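Just so it is clear, none of the values below were taken in a lab; they were calculated from the coordinates. As the structure is a prediction and not an experimental result, all values here were calculated from the model. Virtual Cβ from ideal backbone geometry, glycine too; neighbours counted across all protein chains shown.
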Amino acid sequence: MLKLPKKWLVVITVLFGTFTVILNNSLLNPALPKFMEIFDADAVSVSWIMTIFMLTTGMTLPVTGYLADRFGKKQVYLTGLGLFVAMSFFGSFSWNLSSIIFFRAMQGIAGGLMMPLSMALIFDAFPKNERGLATGVWGIASMMAPTIGPTIGGLIIELGNWHWLFLMNLPTGLLCFFLGLKFLTSTRSDRSRRFDLVGFLTITAGLGCLLFGLGQIATLEDLLSVLNLSLLMIGVLLIAIFVFYELKQEEPLLKLSVFKNRTYRKSISISSVQTMSLFSGVFLIPILVQSVYGYSPIVTGLIFLPSGLFMGICVTLAGRILDRRGAKGVVTTGLIITGLTSLLLGMLSLESPLWVIFMLMALRGIGLGLSNMPATTAGLNAISDNLVAQGAAINNVMRRLSASLVIVMISIFYEVRRAQLFAQGRSVEAGSLQAVNEVFIILALVVLLMMPIALKLNKQTNQ
């Protein structure tokens, strides 16, 4: 490892950190029924193990840019990593459900500190014309960890005990921490930077209300409940207040001036839509495979493997193309593949063989790998280096909101549309299939509508 250029040691360091955080989150998904059994809890209570992580991560992201400016990227990143490792260790000794939820909340704060700074640290280490490949290699962690996490988590629950879901973070986490101490470069800190308390309170409260409200909605009745509607409206109002307030500040918490850059705006639009496309598959494919075709959860997990594998391969390939030829061609190609495969998934019938779904998901992984990370890298390349941490934080917030929003919209549409089809006399399988088909067709159209935006992406920094 010591023979590698230092800039690539930076990539390896943050790759391990990113992989550890994302893998931990996906490990816990198959373990939720086990926690219900162990702690004699209902599904709503246990779901807080996942919900609290999402909430605290989302509420931490906006302040990460300020902390990086104030104390330095390396220091904040290692603080987040150290906190994550410590909470993983203590989480393995949890004595009840409430303690697990507390340690998960602290892990979420740690993840919120680490994720935006991963890209910022890579950008500091590489010149603009090499960042595509570097972020592509780093992106393998974010693509592969969610794919293999449920499989590993299921094996741990079957063969071991739940404590190892936390303990297995320690080897990679500690390795990453020591690598970070040695290879990450300290950045200049601005001790005079003023903390924007009003901005912090409004954006964290706004995102907290919005993410929590979205996380509670799975049906039309949930959406129309007074509590959830109130949370969503309060969240939107607070975020609007935050935006108007920040635009008037000399030292804002989040420098929204990055949105003046047209390339950055385009990249946010594309990455948000592709995030929605990614999570739509995560939501719909298990329904399709298990409820419509009657296969086991193991088969569902296997279907995601080629998708994750091809995403991991193509995100690196796309990064190399981005460095050499710019973003326009590779991102547009990725959007076309994602849109067409989504369209074909919307044309499946009850007689469609399983191999067709495997093939379409693998191709869809290629499309997502070619478009998602290159669009993000192109947007961050287009802004000045001192704004990268801020731009990455905003990008992460938008991705989190996009993922939460699309799951809510799809779940409501699916339930309402399926009920209508049942009322018309369709069978459970036929009604479920048509509802899934219609969602994939809508998503395909949304993805393909991004093509004109992708065709205008370029490498200039002044766009």
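Tabulated data for the structure shown
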{"item": "Cα convex hull volume per residue for the stretch 1-189 (Å³)", "result": "109 Å³"}
{"item": "Euclidean distance between Cα centres, the stretch 300-357 to the stretch 163-185, Å", "result": "31 Å"}
{"item": "Neighbour-count order for Val46, Val137, Val10, fewest beta carbons within 10 angstrom listed first", "result": "Val137, Val46, Val10"}
{"item": "Exposure proxy order (Cβ contacts within 10 Å, fewest to most) of Arg70, Arg104", "result": "Arg70, Arg104"}
{"item": "Cα-based shape type of the stretch 304-412, given that a ≥ b ≥ c are square roots of the gyration tensor eigenvalues and the cut on a/c is 1.5", "result": "oblate"}
{"item": "Relative contact order %, the stretch 257-463, counting alpha carbon pairs below 8 Å whose residues are six or more apart", "result": "40 percent"}
{"item": "Convex hull (Cα only) mean projected area of the stretch 337-401, reported in nm² to one decimal", "result": "5.5 nm²"}
{"item": "Interatomic Cα distance distribution for the stretch 1-100, bins of 5 angstrom, percent", "result": "2, 10, 16, 21, 18, 12, 9, 6, 4, 1, 0"}
{"item": "Dimensions (Å) - the chain, Cα atoms, principal axes, largest first", "result": "67, 54, 49"}
{"item": "Projected-area mean, the stretch 257-463, by convex hull of Cα positions, square nanometres", "result": "11.3 nm²"}
{"item": "Mean Cα-pair separation over length for the stretch 139-297, i.e. relative contact order, pairs under 8 Å, 6 or more apart, %", "result": "16 percent"}
{"item": "Rg to Rh quotient for the stretch 178-284, alpha carbon positions, Kirkwood Rh", "result": "1.07"}
{"item": "For the stretch 355-439, alpha-carbon Rg over 2.2 N^0.38 Å", "result": "1.58"}
{"item": "Helix-derived mean residue ellipticity, 222 nm - over the chain, DSSP H n ≥ 4, -39500 (n - 2.57), to 500", "result": "-27000 deg cm²/dmol"}
{"item": "Distance (nanometres) between label positions extended 7 Å along Cα→Cβ at Leu224 and Leu317", "result": "4.8 nm"}
{"item": "Normalised contact order of the chain, rounded percent, pairs of Cα under 8 Å and 6 or more residues apart", "result": "22 percent"}
{"item": "Projected label distance in nm at Arg426 and Lys3, using a 7 Å step from Cα toward the beta-carbon", "result": "6.0 nm"}
{"item": "The stretch 241-279: trypsin sites (Lys or Arg not before Pro) in DSSP coil with no more than 12 other Cβ atoms inside 10 Å", "result": "Lys248"}
{"item": "Label point distance in nm, Ser45-Lys128, each placed 7 Å from Cα along Cα→Cβ", "result": "5.6 nm"}
{"item": "Footprinting exposure proxy for Ser269, Ser427 (fewest neighbouring C-beta atoms within 10 Å first)", "result": "Ser427, Ser269"}
